[in-house]
Amino acid sequence: MQLVKAQVTAISPLTEFVHKVTLKPDVAVTFEAGHYLQLVLGEKDKRAFSIASRPSLHNELELHIGASGADSYAMQSLEHLRDAHTNTASVTLEVGLGVSQLRIDKQRPIVLLAGGTGFSYVKSMADHLAEINFDQPVLFYWGVKEASALYAKQEMEAWAASRKNFQFIPVVENASDSWSGHTGYVHKAVMKDIVSLEPYCIYMAGRFDMIGIVRDDFINHGAEREHMYADAFAFIK
Ligand SMILES: Cc1cc2nc3c(=O)[nH]c(=O)nc-3n(C[C@H](O)[C@H](O)[C@H](O)COP(=O)(O)OP(=O)(O)OC[C@H]3O[C@@H](n4cnc5c(N)ncnc54)[C@H](O)[C@@H]3O)c2cc1C
């Protein structure tokens, strides 16, 4: 873990509820794809956010913060970042946390699974895999409630088009008639597309209630527990 000060260089909306925050650390940072950072609000108040940017960008960190509700955990974090941005003050970060970072296993295909802002966690991995020319299949599933929440759809379509072994599959839970892709829960779409998850390394992020359900359903669908990764596992039974 690296303790650093950083300037907040920009905060911009990605959707009505999700904000992109870019940070410039005072020193070069080292982390692995899939790591998270903690925004330090107080000695005992540290807020976890996945690092969306790829590890090769040592001088920039990108976060995607889903914040609704005036006094929520995420909204308070966003306010702290906004204040720092306005006052050109620095924020304190603990960078390079977690145990669910990407492992490169050249024998195994990969499923990257994101629910909502869990996108941030797997985005870093997707970009890193492209950078290292990973040649096993990589299936990137992104599930959202409404199609309007797919704020990086075009970017991910371009990512998938860049390699023949990459696929991007957006899944909309409550789709309108104009939506032609998968609908419902994102992990059900994975199980519809893939007969057995036994050969895969699976990385997942989303709401805690989602992750518990996905873990159990995927194990029943052949996934091997030792090849499933999610930092949320530490918070759920
Ligand atoms: C280490 C760590 C890092 C984190 N990093 C971030 C971060 O960077 N940014 C951030 O905003 N939050 C972060 N969080 C918090 C948490 O990951 C988010 O609250 C979560 O991803 C929010 O999802 P959402 O509300 O956008 O999803 P929703 O919009 O509620 O759901 C999106 C999709 O997820 C699936 N889904 C949701 N619920 C279920 C269910 N019960 N069963 C099956 N599928 C379901 C569906 O496909 C649904 O369409 C982090 C948490 C931890 C522990």
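The values are calculated or read from the model by the stated rules, or taken from the named source; none is laboratory data. In this text the structure is predicted, and so the values were computed from the model without any measurement. Here Cβ is always computed from backbone atoms with ideal geometry, including for glycine, and neighbour counts include all displayed protein chains. Ligands, DNA and RNA are stripped out before the accessible areas are found, and what is left, the full protein with its side chains, is counted by its heavy atoms. Shrake-Rupley method; radii C 1.70, N 1.55, O 1.52, S 1.80 Å.
For this structure, a couple of remarks:
- Candidate set from the range 153-174 (those that are of a type outside the set (Phe, Trp, Tyr), touching a residue at least 24 places away in the same chain (Cβ under 8 Å) and more than 10 Å from the ligand (Cβ to nearest atom)); member that is least open to solvent (accessible area, probe 1.4 Å): Met156
- Qualifying residue in the range 209-216 (condition: open to solvent by 50 Å² or more (accessible area, probe 1.4 Å), of a type in the set (Val, Ile, Thr) and over 27 Å from Ala48 (Cβ atoms)): no
- Verdict on Arg82 being basic (Lys, Arg) and open to solvent by 70 Å² or more (accessible area, probe 1.4 Å): yes
- One residue from Ala230, Ala223 being within 12 Å of the ligand (Cβ to nearest atom) and either over 15 Å from Arg103 (Cα atoms) or at pLDDT 95 or above (or both): Ala230
- Index of the failed condition, Gly143 passing every other in (1) under 13 Å from the mean Cα position of the chain (by Cα); (2) within 14 Å of the ligand (Cβ to nearest atom); (3) surrounded by fewer than 21 Cβ atoms within 10 Å (Cβ to Cβ): (3)
- Any hit, the range 117-128, residues being open to solvent by 40 Å² or more (accessible area, probe 1.4 Å) and of a type in the set (Asp, Glu): no
- Scanning the range 201-217 for residues being out of contact with any His (no Cβ under 7 Å at 6 or more places or on another chain) and either part of a helix (DSSP H, G or I) or among the hydroxyl-bearing types (Ser, Thr, Tyr) (or both) gives a total of 9.
- The residues of the range 46-76 that are within 23 Å of Glu32 (Cβ to Cβ), more than 13 Å from the ligand (Cβ to nearest atom) and of a type in the set (Asp, Glu) amount to a single one, Glu60.
- Screening Ala114, Ala67 for residues that are open to solvent by less than 30 Å² (accessible area, probe 1.4 Å) and within 14 Å of the chain's Cα centre (by Cα) leaves exactly one candidate, Ala114.
- Subset of the range 192-220 (residues that are of a type in the set (Phe, Trp, Tyr) and within 10 Å of the ligand (Cβ to nearest atom)): Phe208
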